[in-house]
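> This is the structure I have questions about; it appears just below.
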Amino acid sequence: MTALEPGMVPAAGTIRRAQALAVAGWPLARTAREAGLSPYRMDQVLTATAVPVETARAMAAVYARYSSASPGLCGVSHIHARAARDRAAAAGWAPPAAWDDDTIDDPDAIPQWTGHCGTVRGADIHARRDLPLCPPCEAALYRRRLRAEAQARRPLSATRA
């Protein structure tokens with residue numbers, strides 16, 4: 001990772017918070033306004049590698065305030081909430097529940113979509129809920145396939161002897 005300019009932090013946590021709020025039905029324009037950003041600046045943040053510390057703190061405060069709140073009860077119209085959810089679903093963004101407060105800012109962290117990610121059970125939950133498959137669950141499915149192939153070969157090798 002390259003060194004950051006003074007006053008800057010990795011953008012991963014800020015981006016994840018904005019995306020998670022969108023999954024919950026919070027329009028990015030509303031999230032931007034709550035964080036003191038223009039919609040144009042929010043678009044820049046969503047593609048940035050680093051953001052000013054003030055922006056990260058503002059987004060963290062908005063996330064803390066709204067991640068468990070209902071957009072509809074806070075004045076967001078059903079139409080705007082649905083549009084935010086649809087955009088988030090199309091982009092495959094992770095919901096607030098998929099992120100741990102301890103790891104959301106870690107650029108190498110991945111969302112825990114199912115609570116069992118990295119296991120075959122987690123991969124099965126992904127399939128049942130039609131969730132994007134995360135890398136740990138892809139690896140679990142790969143391991144399951146390798147075990148099944150190895151078990152399928154065992155009877156063949158036993159009959160040849």
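> Tell me the mean residue ellipticity at 222 nm calculated for the chain from its helices only (DSSP H runs of n ≥ 4, each -39500 (n - 2.57), averaged over every residue, nearest 500).
-17500 deg cm²/dmol, from helical runs alone.
> Tilt of helix 12-23 relative to the longest C-alpha principal axis of the chain, in degrees (0 to 90, nearest 10)?
Compared with the principal axis, the helix lies near 90 degrees.
> Which of these, Pro95, Pro27, Pro132, has the largest mean-square fluctuation under a Gaussian network model of the chain (Cα springs below 10 Å)?
Result: Pro132 has the largest fluctuation of those listed.
> Kindly report the accessible area of the range 1-97 per residue (heavy atoms of protein chains, probe 1.4 Å, no ligands, DNA or RNA), in Å².
Heavy-atom SASA per residue in the range 1-97 reads 53 Å².
> Sequence gap at least 6, Cα distance under 8 Å: using those rules, report the relative contact order of the chain to the nearest whole percent.
24 percent
> Short version: ³J(HN,Hα) in whole Hz for each residue of the range 24-31, in order, from phi by Karplus 6.51 cos²θ - 1.76 cosθ + 1.60 (θ = phi - 60°), x for Gly and Pro, what are they?
The phi angles translate into 7, x, 8, x, 4, 5, 5, 4 Hz.
> Now a separate question. With axes computed from alpha carbons, what is the tilt in degrees of helix 53-66 against the longest principal axis of the chain, rounded to the nearest 10 within 0 to 90?
80 degrees
> Please give the Cα centre distance for the range 14-89 versus the range 90-154, rounded to the nearest Å.
Here the two parts' Cα centres lie 25 Å apart.
> With the full set of protein chains in place, find how many percent of the accessible area of the chain is carbon and sulfur; take the probe as 1.4 Å.
C and S atoms contribute 54 percent here.
The values are calculated or read from the model by the stated rules, or taken from the named source; none is laboratory data. All figures in this text were calculated on a predicted structure; none of them were measured in a lab. Please note that ligands, DNA and RNA were not included when accessible areas were found on the heavy atoms of the full protein model with its side chains. Shrake-Rupley method; radii C 1.70, N 1.55, O 1.52, S 1.80 Å.
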